[in-house]
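Below: one structure, written as structure tokens.
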Amino acid sequence: MNGAVHQYYAFGEFRLDCVKRLLFRNDKPVPLTPKVFDLLLILVQNRGRVIEKDELMSAVWPETAVEENNLTRGISTLRKVLGETADQHRYVVTIPGRGYSFVADVAELSRDERGPIAGGRSVGGRRMILAVAIAGTAISVWLFMVVSRSNRPLPFEKISIARLTNTGQTYRAAISPDAKYLASFRGEAGRQHLRIRLLATAAEVEVPVPQGAAGYGGFTFSHDSAYLYYTVKQAGQATTLYRASVLGGPGAIVTTRLDSKISLSPDGKQLAFVREYTDLGESVLLVSNADGSAERRVASKKLPELLDYPAWSPDGSRIVCSLVPASSREVVLLDVRLADGAVSRPTPYKWGYIRQLEWLHDGAGLVLSARDEKSGTFSIWHVAIPKGTVRRITNNTDSLVGVSLTADSKALVTVEDKLVSSVWVAAEGDIGHARQILVAPSRFSRAVWGPDGGILYEKQSGDRRSIWITGLDGRNQRQLTFDASTYHVSACPDARSFVYQAERSAWFEIWRMGIDGTPPLFLARTPAEAFPDCSADGQTVVYSALISRKWKSLWIVRAQAGGPVELSAGSARQPAISPGGREVAFFHVEEQGSQTGEPTGITVMPIEGQARSRVFPVPEDVYEPAGIRWTRDGRALTYVVNRDGISNIWRQPLGGGEPGQVTKFRGDSIFFFDWSRDGKNLLFSRGTRVFDAVLIRSLQ
């Protein structure tokens, strides 16, 4: 023996001997194949970190090219050895779309093989023996504590779900810390209502709010559950923070110019919130007194990066918030230490978007509403602090948007966003005799007229979307794109092709492809969703991009003439090229630096030449995601207006005059629409969105 050191890892009832390459359960050896042992060792050595699948496969099979199913089988075998069940993963957690993480607490031990030296019992020897005994006892106690912690149930590991409202129009909701009150924003008969319900009796009081506002939300209860903070965003005005009693009555203004919900300090004496300074080009995390006075900066990012959803830790030492990068995809969490402003990442995980987060009462983790990078569905997630491991709490098919926790972290409230959609065709624009041709092809399917009267549409399969083509009767469906998540399709009928957006990298990419399967042509790359639109001949593509400015501006790329060029520096969203290919129309936002403000008008500008642009106002309730469509004679623009929960298409004459309603739907929402080339037939994606408050309880 030459003094070699054995290395052990202890977790739960297991002990991993790295030198002898053995796994023990309660001191009894557990048989493992060499590759499964390697897999376990790598996971344990990188505990608390998400290990990408490619990284794992390269480490376990360094000299061999293997398929991903080899890794999947290895993980499955390992979980069986560790005694994990299908619904309880105490050790190895799958991170969807990424890889795996070892989440249990691990004790790292070493032992000198030579053991104690034989010989006389000198005072030094006795002291050494005593020190070893004390150290052994301490390690035993520590191991007991580690094992005990690893056996604790995870927050919301077992849950029950109950619906709290059935209105279908509960757009925001929050539960009070004492679990006695439910606050909700609801739409009823064309009006917005803020109501606070006593859950034990279902008795409600109403808090008057300004009507016709562009947005309501930002619910935060005071820690004693006596007051509710909420925000109101009115068109052309800064967002205002109000505070109202849970017993009812009008709210009082606290402060203005907020660009996030607030979070209260543990003692309730301070507020944390985000403000965007468009003149300075900054998104700033601020802290103020509870009355809005004495603001001070805590952290900032340069626009177009955005900070959002601050959450003050229970011990008051730090604030965690989300960071939305310029690409608007790889959203991460930032941990800001208040003592010195130091910023760190509490977890390496990246989400597609985050919609609110809350601390668990013991400070040992966060609960958030988020969607991953490849999914459009929001779920409830748990992030362990300080380990940084990530776990999806809910495996829902409908989005769960927002999250508020009770003071004991035993229950949370979120809003379920349920959608049922389908694609219809109305011949001669007669909506009374419209025919349904496709059912729920995608959550928000864009369907457009393709070449030869075919229909191009988007279809969802798991977390990936693809583009398909079908006939006017919905038959002969054929998939056109395969190798990435593709969507936002726009047809180029004269060229028998289409353009679309694809997720092939950290950025979004714009491609053009023929319906006959000819290889796609790369056109441009953007950091955010671009909503491309192409001319009929397929030679010109316009899109909105967040590249060199703090807002989305208008860009153009020509298939045969170099790279992208900025066409307009002003705010531009959902561009649409005219039938003749000479002009482009797009929504603009009055607040130039805002990425989130509602459209205030439509700009029509020439693609070439020096002709002046024209500007037209739009109703406050215009539905921007449905886009703008030109009439086929090029004399008017059409768009969707959502009024009293019902969507209809409106028409704006380019010769001037007021916009007017074209369709007379009496129910449902229109998500997208398109006119046939002769202007006679209307294609539209239509459905119902139901919003209701949901209570999720932890059953531990």
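The values are calculated or read from the model by the stated rules, or taken from the named source; none is laboratory data. Model, not experiment: these values are computed from the prediction. Cβ atoms come from the backbone with ideal geometry, glycine included; neighbour counts cover every protein chain shown. For the accessible areas, the whole protein counts, side chains as well, though only heavy atoms, and no ligand, DNA or RNA atoms are used. Shrake-Rupley method; radii C 1.70, N 1.55, O 1.52, S 1.80 Å.
Numbers for the structure displayed
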| item | result |
| --- | --- |
| Residue in the range 319-336 that is open to solvent by 60 Å² or more (accessible area, probe 1.4 Å) and of a type in the set (D, E, K, R) present | no |
| Cβ-Cβ under 8 Å pairs, at least 6 apart or on other chains, the range 293-320 side within 18 Å of L333 (Cβ to Cβ), far side among the β-branched types (V, I, T) and open to solvent by 60 Å² or more (accessible area, probe 1.4 Å) | A299/V343 |
| Per-region count, the range 615-651, residues assigned to a strand (DSSP E or B) and exposed (fewer than 14 other Cβ atoms within 10 Å of the Cβ) | 2 |
| Residue in the range 277-289 that is out of contact with any Phe, Trp or Tyr (no Cβ under 6 Å at 6 or more places or on another chain), part of a strand (DSSP E or B) and either on the phi > 0 side of the Ramachandran plot or of a type in the set (K, R) (or both) present | no |
| The range 343-360, residues that are among the aliphatic types (A, V, I, L, M), over 24 Å from T278 (Cα atoms) and open to solvent by 40 Å² or more (accessible area, probe 1.4 Å) | none |
| Residue ranges of strands (runs of 3 or more DSSP E) in the range 397-490 with at least 3 members touching a residue at least 12 places away in the same chain (Cβ under 8 Å) and of a type in the set (S, T, N, Q) | 411-426 |
| Out of A528, A524, A484, A434, sole residue that is of a type in the set (G, A, S) and closer than 16 Å to F672 by Cα | A434 |
| Boolean, G402 is of a type in the set (G, A, S), under 24 Å from S222 (Cα atoms), within 14 Å of the chain's Cα centre (by Cα) and open to solvent by less than 60 Å² (accessible area, probe 1.4 Å) | yes |
| Residue ID - surrounded by the fewest Cβ atoms within 10 Å (Cβ to Cβ), chosen from residues in the range 652-673 that are within 28 Å of the chain's Cα centre (by Cα) and at pLDDT 85 or above | S669 |
| Qualifying positions in the range 503-516 - modelled with pLDDT of 80 or more, part of a loop (DSSP other than H, G, I, E, B) and open to solvent by 40 Å² or more (accessible area, probe 1.4 Å) | D516 |
| Strands (runs of 3 or more DSSP E) contained in the range 325-377 and holding at least 1 residues in contact with a Pro (Cβ under 8 Å, 6 or more places away or on another chain) and among the acidic types (D, E) | 332-337 |
| Cβ pairs under 8 Å, 6+ apart, first in the range 38-53 and assigned to a strand (DSSP E or B) and modelled with pLDDT under 90, second open to solvent by 40 Å² or more (accessible area, probe 1.4 Å) and of a type in the set (V, I, T) | none |
| Residue under evaluation L521, criteria (1) touching a Phe, Trp or Tyr at 6+ places or on another chain (Cβ under 7 Å); (2) within 27 Å of L280 (Cβ to Cβ); (3) surrounded by fewer than 16 Cβ atoms within 10 Å (Cβ to Cβ), criterion not met | (2) |
| Any hit, the range 586-606, residues being farther than 30 Å from L280 by Cβ, in a strand (DSSP E or B) and without any contact (Cβ under 8 Å) to a residue 40 or more places away in the chain | yes |
| Filter result (touching a residue at least 40 places away in the same chain (Cβ under 8 Å), polar (S, T, N, Q) and either at positive phi or surrounded by 19 or more Cβ atoms within 10 Å (Cβ to Cβ) (or both)) within the range 232-269 | S260, S263 |
| V36 farther than 17 Å from V106 by Cβ and either touching a Pro at 6+ places or on another chain (Cβ under 9 Å) or crowded, with 18+ Cβ neighbours inside 10 Å (or both) | yes |
| Filtered residues of the range 361-381 (kept if open to solvent by 10 Å² or more (accessible area, probe 1.4 Å) and over 11 Å from the mean Cα position of the chain (by Cα)) | H361, D362, G363, A364 |
